[in-house]
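Engineer: Dropping a structure here in structure tokens format, bear with me for questions.
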Amino acid sequence: MNWKKIIVLISTTLFETMEIINKTALQFAVVVDEQNHLLGTVTDGDIRRGILRGEGLDVPIRSIMNENPISAKSGQNASKYKQLMKIKKLKQLPITNEHNQIVDVLFIDDLSINTNENQVILMLGGLGTRLRPLTNDIPKPMLRVGNKPIVETIVDGFKQYGYSNFIFSVNYKKEVIQNYFQSGEALGITIDYIEEQKRMGTAGALSLIEHRPSEPFFVMNGDLLTQVNFDQLMQFHSEQNSVATMCVREYEFQIPYGVIETKGTDLISIKEKPVHRSFVNAGIYVLSPEVFDYIPNDTYYDMPTLFETLIEYGMKTSVFPIHEYWLDIGQVDDFHRANQKYKELSLI
């Protein structure tokens, strides 16, 4: 009966709906009126697109909901529901009665459809120069936050959503990583290794993969800690029909002076210490297999360059805004901050 927890009234705010989606981990909410009639649906992707458009958290959910959701009538054979969900690539399917009142919500996991065969490629070859002396003897992804290496925490994050096929791209002190994880069997995962003989960049290292993935796959930097829902990220990528999706994080900074706006020699306005907000690259990506056609072999090639190339060729690219916990452990202060934060969040 978990589906009843994701029913929200049309007057519910975006923020309240976001809390329900995050709390239930069902990635979905159904919008109804007082008589329980189906009015729309909301996915995590709808919420993130609303945030990107600048919608406030206090707007009613009708502002961002899908007003024409795919649904099915009750009383049909389960195989028909399964077929519809596979054809439409749905993870959830609202079921209604003859009066369009919601009576059930089917979830793809309950229909035993395996959707988590997508590979996860972790970039673990960096030198960690800014973290010295901590990285003098071990690579940055093996630094311990709490009671385990950063990269193991990343692996655990993917495992909780059913992703177990990993490729580790290694270079600096690779033997430390390989000796610790080996084949991945002890953690219930499989790991293949590719080795960068020289600096190749986040995208360039992908050219070393012998067997290209046949489905969309994750690429993630090995110095990040996050609580992103990777299922929601993969679903968002699919919904957008993108060849490449970049996770982004809102970054704000305050100019410590009064900013002057002028027109010629005329003073138009003065904004005292304004705060500027922008989205920045968060180092987590979902890519479709066709991106390999745009990655040169044996050449340094970073991920932003790949996205720029895809845009130049008219390929669909998207951004996925992260509002969950996220920290790039690039410097010693970040490392100490991560340990403190993980203690506070009881994540270790």
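Engineer: Give the aspartates and glutamates reachable from residue 263 as a straight Cα distance under 16 Å; neighbours fewer than 8 places away on the same chain don't count.
Structural biologist: none
Engineer: Residue by residue through segment 12-28, which ³J(HN,Hα) values in whole Hz follow from phi under the Karplus form 6.51 cos²θ - 1.76 cosθ + 1.60 (θ = phi - 60°), with glycine and proline marked x?
Structural biologist: 4, 7, 4, 4, 5, 5, 4, 5, 5, 4, 5, 5, 7, 6, 9, 6, 7
Engineer: So, one more: For segment 6-65, what is the Kirkwood hydrodynamic radius in Å, using each pair of distinct C-alpha atoms?
Structural biologist: 11.1 Å
Engineer: Of [x] 52, 47, 37; [y] 66, 49, 37; [z] 67, 67, 46, which one was derived for Cα extents along the principal axes in Å from the structure shown?
Structural biologist: [z]
Engineer: Another question about this same structure. So if I take the alpha carbon set of segment 1-117, get Rg, then get Rh from the Kirkwood formula, what is the Rg over Rh ratio?
Structural biologist: My calculation puts Rg/Rh at 0.96.
Engineer: Please list 155-167, 218-230 highest first by mean number of surrounding beta-carbon atoms within 10 Å per residue.
Structural biologist: Per-residue mean Cβ counts within 10 Å order the peptides as 218-230, 155-167.
Engineer: Please arrange 3, 326 by accessible surface area, largest first, computed with a 1.4 Å probe and ligands excluded.
Structural biologist: 326, 3
Engineer: Binning at 5 Å from 0, report for segment 219-348 what percent of all alpha-carbon pair distances ends up in each bin.
Structural biologist: Binned Cα distances yield the sequence 2, 8, 14, 15, 15, 12, 11, 10, 7, 4, 1, 0.
Engineer: Exceeding 30 Å between C-alpha atoms, which entries from my cross-link table qualify? They are 23/173; 89/174; 4/89; 148/198.
Structural biologist: 23/173; 89/174
Engineer: Separate question: Assuming a viscosity of 0.692 mPa s and a temperature of 37 °C, what translational diffusion coefficient in µm² per second does Stokes-Einstein assign to segment 42-99, Rh being the Kirkwood radius over Cα pairs?
Structural biologist: Diffusion coefficient, whole number: 247 µm²/s.
Engineer: Report the accessible area of residue 276, computed with a 1.4 Å probe over the heavy atoms of all protein chains in place, in Å² rounded to the nearest 10.
Structural biologist: Accessible surface of residue 276 is approximately 80 Å².
Engineer: Among DSSP beta bridges lying fully in segment 224-327, give the percent that are antiparallel, nearest 5.
Structural biologist: 75 percent
Engineer: By accessible area of protein heavy atoms, probe 1.4 Å, what ranking do 59, 286 get, highest first?
Structural biologist: The ranking, largest first, comes out as 59, 286.
Engineer: Using a 1.4 Å probe over the heavy atoms of the protein chains, calculate the carbon and sulfur portion of the accessible area of segment 81-237 as a whole percent.
Structural biologist: 44 percent
Engineer: What is the dipole size for segment 1-117, taken about its Cα centre, with +1 at each Lys and Arg Cβ and -1 at each Asp and Glu Cβ, in debye to the nearest 20?
Structural biologist: 440 debye
Engineer: For segment 116-241, what proportion of DSSP beta bridges, expressed in % and rounded to the nearest 5, is antiparallel?
Structural biologist: Antiparallel: roughly 10 percent of the beta bridges in segment 116-241.
Engineer: Ratio to report: Rg/Rh of segment 115-186, with Cα atoms as the point set and Rh obtained by the Kirkwood method; give two decimals.
Structural biologist: Here Rg/Rh amounts to 0.98.
Engineer: Work from the charge dipole of segment 191-259 (Cβ charges, +1 for Lys and Arg, -1 for Asp and Glu, about the Cα centre) and give the residue of 200, 218, 251 farthest towards its positive end.
Structural biologist: Result: 200.
Engineer: Where does segment 73-211 land on Rg/Rh, using Cα atoms and the Kirkwood Rh?
Structural biologist: Using only Cα positions, Rg/Rh for segment 73-211 is 1.18.
Engineer: Per residue of segment 35-44, what does 6.51 cos²θ - 1.76 cosθ + 1.60 with θ = phi - 60° give for ³J(HN,Hα)? Whole Hz please, x for Gly and Pro, Karplus curve as stated.
Structural biologist: These are the phi-based 3J(HN,Hα) values: 9, 6, 6, 5, 10, x, 9, 9, 9, 4 Hz.
The values are calculated or read from the model by the stated rules, or taken from the named source; none is laboratory data. Because the structure is predicted, anything quoted here is derived from the model rather than measured. For neighbour counting, all protein chains shown are included, and Cβ atoms are generated from backbone atoms with ideal geometry for every residue, glycine included. To get the accessible areas, we keep the full protein, side chains included, count just its heavy atoms, and leave off ligands, DNA and RNA. Shrake-Rupley method; radii C 1.70, N 1.55, O 1.52, S 1.80 Å.
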